[in-house]
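The values are calculated or read from the model by the stated rules, or taken from the named source; none is laboratory data. What you are looking at is a predicted structure, and each value in this text was computed from that prediction instead of being measured. Every residue, glycine among them, receives a Cβ derived from its backbone with ideal geometry; neighbour counts consider all protein chains shown. Just so you know, the surface numbers come from the protein's heavy atoms only, side chains and all, with ligands and any DNA or RNA stripped out. Shrake-Rupley method; radii C 1.70, N 1.55, O 1.52, S 1.80 Å.
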Amino acid sequence: MATSVDIITDQAFQQCLSPDCSATFDVGDVYTACPKCGSLLDVAYDWERSDVPDSLRWFESKWSRRNEPLCRSGVWRFSELLPFAPPEKIVTIGEGQTPLIATDGVAKYVGTNPGTLFLEYEGMNPSGSFKDNGMTAAFTHAHMIGAKRAACASTGNTSASLALYCCSSKLMQAVIFIGSGKISYGKLSQALDYGALTIQIAGDFDDAMLRVQQVSKELGIYLVNSVNPFRLEGQKTIMFRVLESLDWQIPDWIVVPGGNLGNSSAFGKAFHELHALGLIDRIPRLAVINAAGANTLNSLYNDNGLRWNGGRPDQAIINKYYAGLDAASSKADTIASAIEINRPVNLMKCLRALDWCDGVVREVTDQQMLDAKAQVGANGFGCEPASAASVAGAKLLREQGVIAPSDRVVCILTGHQLKDPTATIAYHTTDQEEFNRVLGKRGVSRAAFANRAVKVENDLDEIVRAIQLNS
Ligand code: F0G
C-alpha cells in the first residue's frame with residue numbers, strides 16, 4: 001500500500017532493522033518492509049522528546065483512572081512506551097486486561113519450586129487471544145492513515161482479532177485469508193460472526209501469507225500481519241503487564257510459543273527498550289518454543305547455528321533451509337494449528353530478540369504439548385494447544401538443566417482454551433477411534449492426564465452409583 005499521510009509526531013518514526021541500511025521513514029508511511037532493502041521495519045522513538053516516566057511504578061497511577069478507555073486498556077495504559085499515536089486516533093476495545101497467575105500445580109509438572117511458575121493468561125482478551133494487544137496498535141495506525149480495508153493471513157487468531165476490531169469500530173472492512181481445512185472452528189466462527197470477508201485458499205498458512213501480501217499491495221489494502229511493525233508495539237505491553245504483576249521484579253525466564261515469531265520479537269524489543277531507558281536493570285532470558293512439526297526456528301538456530309550476528313545473519317543458511325523444504329515439498333504439520341508455520345515472517349527480529357535476551361530455542365512434540373495443556377487445564381486456566389508449547393518447553397528446559405528449580409518462570413498462554421476444543425475432546429475421549437483419528441496420526445499415543453467422561457444409563461440409581469464410585 002503506497003499511502004503516505006503526514007502525521008505530526010516528533011517522537012516516532014520507522015526504521016529499517018538492517019544495520020547496513022538503517023533507513024528511516026515517517027510514521028505516516030505504510031510499509032511492511034523497507035522500500036530500500038526489503039528488511040523488516042521497526043517503530044523507533046526519539047525518547048528525548050517523549051514523556052517516559054522515571055520509574056515503571058508511575059504507570060500504577062493509571063489504574064485510578066480506569067473510567068478512561070485509554071487507561072483501562074492494558075495496552076494504552078503504557079502509551080508513553082509506544083508513543084506513535086495521537087490519543088484521538090486510538091481504537092481500543094478494552095484489550096489487555098489479562099492476569100498473571102502463580103500456579104504450583106503447573107510448577108510441579110514443570111519441575112520448579114512452589115511459587116516460581118506463572119501463567120500470563122492472554123486468553124482473557126476480547127477476542128480470546130494475545131492478538132488483540134497488537135491489533136489495537138496496528139488498527140490504530142490503519143485508522144491514522146485513513147485505511148478503509150484491512151487484511152491478514154491467519155491460522156485463526158489474528159483474523160478473529162482483526163474481524164472484531166473492524167465490526168466493533170465500523171471503521172474498516174476486514175479481509176482475511178485462511179488456509180483450507182487448517183483453521184479451528186472456534187476461530188473461524190468468530191471471523192464469520194464478526195462479518196469478515198473470508199477468503200479460504202487452497203493451501204496452508206505459508207501460502208496464505210504470501211498471497212495476502214501480494215493482494216494487499218495490488219488492491220491497496222492495509223496489512224495487519226506481524227510484518228506490520230505497529231502490531232509489535234502493542235504486543236510489547238504483554239511484558240509490561242507481566243512486570244507490573246510481579247511488582248516490577250524481573251523474572252528469570254519468559255517462555256513463549258513461536259509461530260510467526262511476532263511475540264518473541266516484540267518481547268525482546270520491550271525489554272531492550274526498558275533497559276536502554278534505565279527502567280529495568282536486567283533483562284530476563286527468553287525461550288522460544290516451536291512445535292516439532294513446524295520447527296524452522298529451532299532447526300535454523302540449534303541445528304544450523306544461525307544467529308543475529310550484529311544484524312547480519314548468514315542468509316545462505318536460511319536460503320538453503322527453505323530450498324530444502326521446497327525440494328521435499330515439506331509442509332508444517334502439528335495439532336497446534338496456531339503455530340503451524342514453516343516460514344516465520346519475523347525470523348530476523350526474533351534472532352535479534354534472542355540476542356538481546358540471551359535466549360534459547362526448543363521444539364516440543366504434539367504429545368508434550370497436549371500433556372502440558374491438560375496440566376494447565378487441571379491447574380488453573382485452560383489454553384489452546386499452541387499455547388501449551390510454553391509450558392511443555394519450560395518442562396523440557398528444566399529437564400535439561402537450563403532452567404533451575406528456583407528460577408522464576410513466566411509462560412505465556414497465548415490463546416483461550418475454547419478456541420480449539422477438538423484436540424481437547426480427543427485427548428479426554430474414551431473412544432479410541434476418535435483418539436486415533438485426531439491425535440494418533442500425529443504421533444500422540446497416550447493421554448497421561450485424561451479426564452474421561454463417565455458413561456451411564458439414563459437411570460437415577462445408575463447415575464448416583466456412578467458419582468459415588470468416581471468421587
Ligand atoms: N499462540 C497462538 C494461540 C497463536 O494464535 C499464535 C499465532 C502463536 C501462538 C504464535 O505467535 O506468531 O507471535 O510467534 N497465530 C497467528 C495467527 C499466526 O494467524 O493467528 P507468533
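Table for the structure above
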quantity	calculated
Flag if Val242 is in contact (Cβ under 8 Å) with a residue 60 or more places away in the chain, assigned to a helix (DSSP H, G or I), within 16 Å of the ligand (Cβ to nearest atom) and more than 18 Å from the chain's Cα centre (by Cα)	no
Total residues in segment 74-104, condition exposed (fewer than 14 other Cβ atoms within 10 Å of the Cβ) and in contact with a Pro (Cβ under 6 Å, 6 or more places away or on another chain)	0
Hits in segment 339-352 - residues which are open to solvent by 40 Å² or more (accessible area, probe 1.4 Å) and aliphatic (A, V, I, L, M)	Met348
Residue within segment 65-73 that is within 20 Å of Arg231 (Cβ to Cβ), modelled with pLDDT of 95 or more and surrounded by 20 or more Cβ atoms within 10 Å (Cβ to Cβ) present	yes
Hits in segment 161-173 (condition: more than 12 Å from the ligand (Cβ to nearest atom), without any contact (Cβ under 8 Å) to a residue 40 or more places away in the chain and touching a strand residue (DSSP E or B) at 6+ places or on another chain (Cβ under 6 Å))	Cys166, Gln173
Every residue from segment 66-102 that is in a loop (DSSP other than H, G, I, E, B), in contact (Cβ under 8 Å) with a residue 24 or more places away in the chain and more than 21 Å from the chain's Cα centre (by Cα)	Pro83, Phe84, Ala85, Pro86, Ile90
Leading residue by the ranking (surrounded by the most Cβ atoms within 10 Å (Cβ to Cβ)) among those in segment 313-338 that are within 16 Å of the chain's Cα centre (by Cα) and either among the aromatic types (Phe, Trp, Tyr) or assigned to a helix (DSSP H, G or I) (or both)	Ala338
Flag if Ile341 is farther than 21 Å from Lys269 by Cα, part of a loop (DSSP other than H, G, I, E, B) and in contact with a Pro (Cβ under 7 Å, 6 or more places away or on another chain)	no
Residue in segment 397-408 that is open to solvent by less than 10 Å² (accessible area, probe 1.4 Å), assigned to a helix (DSSP H, G or I) and away from the ligand (no atom under 15 Å from the Cβ) present	yes
Subset tally (residues that are under 17 Å from the mean Cα position of the chain (by Cα) and either open to solvent by 10 Å² or more (accessible area, probe 1.4 Å) or at positive phi (or both)) for segment 264-284	1
Meets criteria (open to solvent by less than 10 Å² (accessible area, probe 1.4 Å) and under 30 Å from Ala85 (Cα atoms)) for Ala107	no
Yes/no for Val215 being in contact with a Cys (Cβ under 9 Å, 6 or more places away or on another chain), open to solvent by less than 60 Å² (accessible area, probe 1.4 Å) and either modelled with pLDDT of 95 or more or closer than 24 Å to Leu418 by Cβ (or both)	no
Criterion (assigned to a strand (DSSP E or B) and either within 14 Å of the ligand (Cβ to nearest atom) or free of Cβ contacts under 8 Å to residues at least 60 places away in the same chain (or both)) met by exactly one of Gln214, Gln190, Gln200, Gln235	Gln200
Enumeration of residues in segment 143-160 that are outside any helix (DSSP H, G or I) and within 8 Å of the ligand (Cβ to nearest atom)	Cys152, Ala153, Ser154, Thr155, Gly156
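Condition check ((1) in contact (Cβ under 8 Å) with a residue 24 or more places away in the chain; (2) within 15 Å of the ligand (Cβ to nearest atom); (3) touching a strand residue (DSSP E or B) at 6+ places or on another chain (Cβ under 9 Å)) across all residues:
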position: Val364; (1), (2), (3): yes, yes, yes
position: Lys373; (1), (2), (3): yes, yes, no
position: Gly382; (1), (2), (3): yes, yes, yes
position: Lys395; (1), (2), (3): yes, no, yes
